[in-house]
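The values are calculated or read from the model by the stated rules, or taken from the named source; none is laboratory data. Given the structure is predicted, the values throughout are model-derived calculations rather than measurements. A quick note on method: Cβ atoms are made from the backbone with ideal geometry, for glycine too, and the neighbour counts reach across all protein chains shown.
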Amino acid sequence: MRTHRCGALRASDVGREVSLGGWVHRRRDLGGLVFVDLRDREGLVQVAFGPGWSPAEVMERAGTLIGEAVILVKGVVEPRPAGQANPELPTGEVEVHATEVRVVGPAATPAIPVARVRGEPLAAEELRLRYRYLDLRRPEMYRNLELRHRLLQRTRRELSERGFLEIETPMLTKPTPEGARDFVVPSRVYPGQFYALPQSPQIYKQLLMVSGFDRYFQLARCFRDEDQRADRQLEFTQIDLEASFVTPEDIYAVTEGVLVALWAEAGAPVEAPFPRLAYRDAMARYGSDKPDLRFGLELMDLTPRIGEGSGEFLRAAVGRGERVRALAVPGGAALSRKDLDALTAAAKTMRASGLVWAKRGPDGPTGPGVKALGAAALEALGLGDGDLGLAVAGPDAIALPALGRVRLEVIRLLELPPSCRHAFVWIEQFPLFEREAETGNLTFMHHPFTAPHPDDAALVATDPERARAQHYDAVYNGVELGSGSIRITDPAMQAQVFERLGMAPADVEHRFGWLLEGLRSGAPPHGGIALGFDRIALLLAGGESLREVIAFPKTAAARALFEGAPTGIPAADLAALHLTVAS
RNA sequence: GGGGCUGUAGCUCAGCUGGUUAGAGUGCCGGUCUGUCACACCGGAGGUCGCGGGUUCGAGCCCCGUCAGCCCCGCCA
């Protein structure tokens, strides 16, 4: 049907008779001459219809071609007349003089424009999703998904070459009561029983290690029934890997190899190894477990400087055992009152009670922070002329993330220049456990199979909250790329951890028995990591939302607008699944 | 579960302090046009102002509710 793709034609093709197929991107009808920009995935080429080379009925048909119709064209590649080349198109030196044209895919007027006029904003997100087949025609979307394809292939190549086997694991699995909410699938065969879609292939990959596969990877689809974000979809893809007889160092090396390769694939050379930062330090210095290290601007602890000279509010906070965390912003005095209000609002969205600020001008410090902090704390901030001091009081669990968020807002408002373009970092030594905010119960930070740090194994029994884990996160420019750990392979330690989590042995057996049984059957030490592939694709494509790098994404409210999912099903189908819907 | 922003022509938007017949660009339809490339020019059609209720002599505009999209908090082993 076709000899070339539209976007592939070049001056070297001049003289060739070609057959093309594509979409009418735009038509320019000059009466006696008609130009059609014909588009396919490789780009645009100008098809020219003129009485000198197009038969009369072809000329006539050219005048009726409508945007987004699919046409087949036969013609000859000709150089454009002198001065008529279009330097903005790779095909701009040539045009195809059409001798035949046939509309094979008539098109209604598109509901959203594919060929936009210059500077025209995109259609509303809702319409882009509703008419996804049109939105995906845009070259930007094609480029994103083509990049995604290359990243997938490159991942496979890199991991295969490192001895990892790609092994698929089930999509119909066992519901897990902890972690994210499961998507549940009713069993037709077993009334009242359910499968769940996997939140991750965690247990399977550990069993593959038990089985001696040694190195596993999968581009794993995962499902979590939780509320959405710009960087979170309810179904997503992980680069999931696991290896035996490894230390964290081994996993770091493999991961760095993959990430360096993926960044190279996207044309962004980066270097390994990545620096490392302990979780504690990341929180204390940046107020985040995914710090953006392209920027300095580190947090300070003013707690010891809060005293006699400070305001009642901060003294009371410190008296309750809370801390006063602060940020000195060079040049920050340039921020307006409105900016400071915005920063305060940002702190409050992170549940901080407020934000204390002080500016230093030529006549000394001004602002509510002067009194609140007192001379000693103010001095410790070390503000120079034109600087801004910001402080948040509260328990570290609130004050640090709140100030971390303020830090990012300050960077944005002041448009601070990054010190580098690509800031990878490993965050390590996460706590093994944390307290649930609502219940105060001890819960795992990563998952219940995460091994404690070798130095802290004894703490699991004596002081679990202080125990660090062999759990690590890969972070890039303030974005969490992935999370992994060395797993527990010692049944005694596993039992101890479950006990700490308040899980009864019988309960544990019921939920995880098949994994624990496996671990007791001769389990090699093993560990791994799961990288958020969609996020990586998004970062490398340079977009704002995962919807830019997913062909058919869900909305923020977990709906598929193009097809109208989720939806009810006929009563007979419900009955076959032994389900009734409660009103 | 909570908060914020948005919703006016197919699309992107404007619409003053509540006041007569709701506008623009683009797309669409018709016409002229042989070197355009956002073609140009002339003419035309096109509106449940998201939906429901309320206030008012009068509502696109004010109030209440609701739906949808987006962003954030919680949540996301």
Problem set entry | Where a residue in region A:18-33 is without any contact (Cβ under 8 Å) to a residue 40 or more places away in the chain and its partner, wherever it lies, is surrounded by fewer than 19 Cβ atoms within 10 Å (Cβ to Cβ) and not in a strand (DSSP E or B), with Cβ under 7 Å and at least six apart | A:Asp29/A:Gly63; A:Gly32/A:Pro51; A:Leu33/A:Gly50
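Do we find that A:Ile398 is part of a helix (DSSP H, G or I), within 22 Å of A:Asp292 (Cβ to Cβ) and within 16 Å of RNA strand B (Cβ to nearest atom) in this structure? Reasoning before the result, please.
Working: part of a helix (DSSP H, G or I): yes; within 22 Å of A:Asp292 (Cβ to Cβ): yes; within 16 Å of RNA strand B (Cβ to nearest atom): yes.
The answer is yes for A:Ile398.
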Exercise. Looking at region A:90-106, which of its residues are free of Cβ contacts under 8 Å to residues at least 60 places away in the same chain, among the aliphatic types (A, V, I, L, M) and surrounded by fewer than 16 Cβ atoms within 10 Å (Cβ to Cβ)?
Worked result: A:Val103
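Please go through region A:194-220 and give me each residue that is among the aromatic types (Phe, Trp, Tyr), within 27 Å of A:Thr155 (Cβ to Cβ) and outside any loop (DSSP other than H, G, I, E, B), ordered by number.
Answer for region A:194-220, where residues must be among the aromatic types (Phe, Trp, Tyr), within 27 Å of A:Thr155 (Cβ to Cβ) and outside any loop (DSSP other than H, G, I, E, B): A:Tyr204, A:Tyr216, A:Phe217.
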Exercise. Mind checking which pairs have a first residue in region A:431-459 that is of a type in the set (Val, Ile, Thr) and a second that is more than 7 Å from RNA strand B (Cβ to nearest atom) and part of a strand (DSSP E or B), Cβ under 8 Å, 6 or more apart or different chains?
Worked result: A:Thr443/A:Phe433; A:Thr443/A:Glu434; A:Thr443/A:Arg435; A:Thr450/A:Ala469; A:Thr450/A:His471; A:Thr450/A:Ser485; A:Thr450/A:Ile486; A:Thr450/A:Arg487
For this session: From A:Ala461, A:Ala451, A:Ala423, grab the single residue that is more than 16 Å from RNA strand B (Cβ to nearest atom) and under 30 Å from A:Glu499 (Cβ atoms).
Result: A:Ala461
For this session: Residues being among the acidic types (Asp, Glu) and farther than 16 Å from A:Thr237 by Cα: count how many of those fall in region A:152-181.
Result: 3
Exercise. How many residues does region A:146-193 hold that are assigned to a loop (DSSP other than H, G, I, E, B), of a type in the set (D, E, K, R), modelled with pLDDT of 95 or more and in contact with a strand residue (DSSP E or B) (Cβ under 9 Å, 6 or more places away or on another chain)?
Worked result: 3
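Go through A:Ala278, A:Ala334 for me and flag whichever is at pLDDT below 95, over 21 Å from the mean Cα position of the chain (by Cα) and either farther than 24 Å from A:His471 by Cα or away from RNA strand B (no atom under 16 Å from the Cβ) (or both). It would help to see each step written out before you state the result.
Details: A:Ala278 fails: at pLDDT below 95.
Being at pLDDT below 95, over 21 Å from the mean Cα position of the chain (by Cα) and either farther than 24 Å from A:His471 by Cα or away from RNA strand B (no atom under 16 Å from the Cβ) (or both) holds for just one of A:Ala278, A:Ala334, which is A:Ala334.
Checking the conditions here, which among A:Ala391, A:Ala346 is of a type outside the set (S, T, N, Q) and touching an Asp or Glu at 6+ places or on another chain (Cβ under 8 Å)?
Among A:Ala391, A:Ala346, only A:Ala346 is of a type outside the set (S, T, N, Q) and touching an Asp or Glu at 6+ places or on another chain (Cβ under 8 Å).
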Problem set entry | Residue within region A:282-304 that is crowded, with 18+ Cβ neighbours inside 10 Å, at pLDDT 95 or above and more than 21 Å from A:Gly478 (Cβ to Cβ) present | yes
Problem set entry | Tally, over region A:496-515, of residues that are at pLDDT below 90, over 14 Å from A:Leu208 (Cβ atoms), touching a helix residue (DSSP H, G or I) at 6+ places or on another chain (Cβ under 9 Å) and not in a loop (DSSP other than H, G, I, E, B) | 5
For this session: Please work out which residue is farthest from the chain's Cα centre (by Cα), limiting yourself to region A:58-88 and to residues that are surrounded by fewer than 16 Cβ atoms within 10 Å (Cβ to Cβ) and within 16 Å of A:Arg27 (Cβ to Cβ).
Result: A:Glu60
Seminar exercise, completed: In region A:366-378, residues that are touching a residue at least 24 places away in the same chain (Cβ under 8 Å) and out of contact with any Leu (no Cβ under 6 Å at 6 or more places or on another chain) total 5
Problem set entry | Answer from A:Pro304, A:Pro291, A:Pro273 - the residue that is without any contact (Cβ under 8 Å) to a residue 24 or more places away in the chain and in a loop (DSSP other than H, G, I, E, B) | A:Pro273
Problem set entry | From A:Val210, A:Val185, residue being out of contact with any Pro (no Cβ under 6 Å at 6 or more places or on another chain), of a type in the set (A, V, I, L, M), surrounded by 13 or more Cβ atoms within 10 Å (Cβ to Cβ) and over 30 Å from A:Leu259 (Cβ atoms) | A:Val185
For this session: Could you please find all residues in region A:45-104 being more than 8 Å from RNA strand B (Cβ to nearest atom), charged (D, E, K, R), in a loop (DSSP other than H, G, I, E, B) and over 19 Å from A:Arg16 (Cα atoms)?
Result: A:Glu68
Problem set entry | Residue check, A:Phe562 farther than 23 Å from A:Tyr204 by Cα and within 33 Å of the chain's Cα centre (by Cα) | yes
Problem set entry | Among the candidates A:Gly518, A:Gly478, residue that is more than 15 Å from RNA strand B (Cβ to nearest atom) and surrounded by 13 or more Cβ atoms within 10 Å (Cβ to Cβ) | A:Gly518
